[in-house]
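Read the structure below first, then the notes.
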Amino acid sequence: MFEGPVQDLIDELGRLPGIGPKSAQRIAFHLLAADPADVGRLVEVLERVKQGVRFCEVCGNVSEKDRCRYCADARRDATLVCVVEEPKDVLAVERTREFRGRYHVLGGALDPLAGVGPDQLRIRQLVSRIGGTGPAEDETAIAEIIIATDPNTEGEATATYLLRLLRDFPGLTVSRLASGLPMGGDLEFADELTLGRALSGRRAM
Ligand SMILES: [Zn+2]
């Protein structure tokens, strides 16, 4: 244990994902030795990112305005909505250039052991959108939901839950990405070609 602010810094850094105690210590001492101007820039972007970035009121994607660029883009097909876990998955789907619809970002996947149930995800907001009572009253009725959760245990559980929840909506097609994505991974790690094929080869459930 170090004293005062140094230990506080190590503790805070250690709470970041993927940073263990040793890395936290290394980063903390790097910052202590760094040029004040460099640290100042880091502090500034941290503040900016918390003040300036919001979440899209419609889909939950990160956004600088009330609506993200996909929800605000009238050329994108509002009848087709791709459901993903995280904003980074939106980027993964965009990279395929196969998708011209809109998105819905859940904010994670079901993981009961970690205390993540349906209420912790943006599932209620998805149901509102499908039911036509979401924030985008101008939104055309959603005709198809593509479930594109990660190909791992939590993603599969989330997909199964959504399928059960959504299958009784009249006139709604619910589809899933075609198989072929490497199991156990994240959507973002799939290469563009594989993910693009999984999108275009999606199956209605
Ligand atoms: Zn949006």
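Brief remarks on what is shown
- With Cα atoms, 0 to 90° folded angle of helix 21-33 axis to the chain main axis: 60 degrees
- Once the chain from VAL62 to LEU172 is taken as fully extended at 0.36 nm per residue, the excess over their C-alpha distance is 37.0 nm.
- In this simple spin-label approximation, LEU32 and MET1 carry label points 7 Å from Cα along the Cα→Cβ vector, and these lie 1.6 nm apart.
- Straight-line cross-link reach from LYS50 at under 26 Å between alpha-carbon atoms covers these lysines, not counting any fewer than eight positions away in the same chain: LYS65, LYS88.
- For the listed peptides 34-43, 96-105, 119-128, a ranking on the average number of other beta carbons within 10 Å per residue, highest first, reads 96-105, 119-128, 34-43.
- Remark on the range 75-176: Rg and Dmax equal 13.0, 41 Å (Cα only).
- For the chain, modelled as a GNM whose springs connect Cα atoms under 10 angstrom apart, the maximal fluctuation among PHE169, PHE29, PHE55 occurs at PHE29.
- Our compactness index for the range 129-205, the C-alpha radius of gyration over the empirical 2.2 N^0.38 Å, is 1.19.
- With Rh defined as the Kirkwood radius, the inverse of the mean 1/r over Cα pairs, the Rg/Rh of the chain is 1.05.
- Ratio of Rg to Rh for the range 1-85: 1.18 [Cα atoms; Kirkwood radius as inverse mean 1/r over pairs].
- When the Gaussian network model of the chain links Cα atoms closer than 10 Å, the mean-square fluctuations of LYS22, LYS50, LYS65 top out at LYS22.
- Where the Cα pairs of the range 4-52 fall when distances are cut into 10 Å bins, in %: 26, 49, 25, 0
- Taking only alpha carbon atoms, the range 56-127 gives an Rg to Rh ratio of 0.99, where Rh is the Kirkwood radius.
- In this structure, the amide hydrogen of TYR103, modeled 1.01 Å from its nitrogen in the peptide plane, lies closer than 5 angstrom to those of CYS82, counting only residues at least 5 positions away or on a different chain.
FYI, it's all coordinate maths here, none of it is from the lab. Since the model is a prediction, treat every value here as computed from it, not as a measurement. Virtual Cβ from ideal backbone geometry, glycine too; neighbours counted across all protein chains shown.
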